[in-house]
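A quick write-up on the structure given underneath.
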Amino acid sequence: MAETPSMMIPLGTKAPDFRLLDVCSDKYVTLQELKSDVATVVMFICNHCPYVKHIQEKLVEVTTKYKEKGIHFIAINSNDVENYPADSPELMKAEAEKHRYPFPYLYDETQEVAKAYHAACTPDLYVFDKDLKCVYRGRFDEATPGNRKPVTGADLCAALDNILASKPVNSHQLPSVGCNIKWKKQ
């Protein structure tokens, strides 16, 4: 596991569109179909990463809470499944069902979506406003495996609360840290 920080794309960046397989419904979906008129959170996660596992329970709780307020969440797995079979679409579906993911879990087989978003790690989180412009990118909270900080989702929740209150999102944002995305060999 190589601890990797997120790349922190410029605020205001427009969300790249995509068409990916939702492993739970076995249908292809697009960003345009999944986006919200309030805010849309795009999360790069995977099945096996200890950083994702560390926040998984609270992530489901946070996404459930804010989904009720009109914010949509989209999870994408871009890992190379040939070398990391624990992240295969079949096991993604099992993981989503086991943890009752309240969001679509999409498979980025070509890794083109991860590249378009400049995703670097799991988890890597991006919040886009109603116009699909990036207003937050960074960490879920300060908790990481082994640092003994409670998993709260505070950083992501603060950004979402500001959006819901029609306030600007604080531009002081800290990168997420996690496992590097498992890129395919060129």
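Every read-out reported here was derived from the displayed coordinates using simple, explicitly stated rules and does not represent laboratory data. Predicted, not measured: the structure shown is a model, and the values here were computed from it. Cβ sites come from the backbone with ideal geometry, for glycine too, and all protein chains shown count toward neighbours.
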Handout entry: Extended-chain gain in nm, criterion 0.36 nm per residue less alpha-carbon gap, E33 and L164
Key = 45.0 nm
Handout entry: Per-selection Kirkwood Rh - the stretch 3-170 (Cα, Å, 1 d.p.)
Key = 15.9
Problem - Highest to lowest packing among 81-89, 136-144, 16-24, scored as the average C-beta count within 10 Å - result: 136-144, 16-24, 81-89
Fill in the blank from the handout: The set of cysteines in the chain having no other cysteine's C-beta under 4.7 Å reads C24, C46, C121, C134, C157
Exercise for the section: Would you grab the residues whose amide H sits under 5 Å from the one on V135? Only those 5+ places off in sequence or on another chain, please, with H modelled 1.01 Å from N. Expected result: G12, V127, F128, D129
Handout entry: All aspartates and glutamates inside 16 Å of K67 as judged from Cα atoms, apart from same-chain residues fewer than 8 positions distant
Key = E33, D37, E57, D129, D161
Problem - Förster radius 22 Å - calculated FRET efficiency between E82 and M7 (Cβ-Cβ, nearest 0.05) - result: 0.35
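Hey, which of these cross-link pairs are over 20 Å Cα-Cα: K115/K182; K35/K65; K35/K69; K53/K98; K58/K149; K58/K184?
Going by Cα-Cα distance, K58/K184 fall outside the 20 Å limit.
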Completion exercise
Placing each pseudo-label 7 Å from Cα in the direction of the beta carbon, K14 and K184 end up separated by a distance in nanometres of 2.7
Practice task
Would you work out the relative contact order for the chain, in percent, from Cα pairs under 8 angstrom that are 6 or more residues apart?
Solution key: 34
Handout entry: the stretch 173-184 - phi-based ³J(HN,Hα) in whole Hz, Karplus 6.51/-1.76/1.60, Gly and Pro as x
Key = 10, 9, x, 6, 10, x, 6, 5, 4, 8, 6, 5
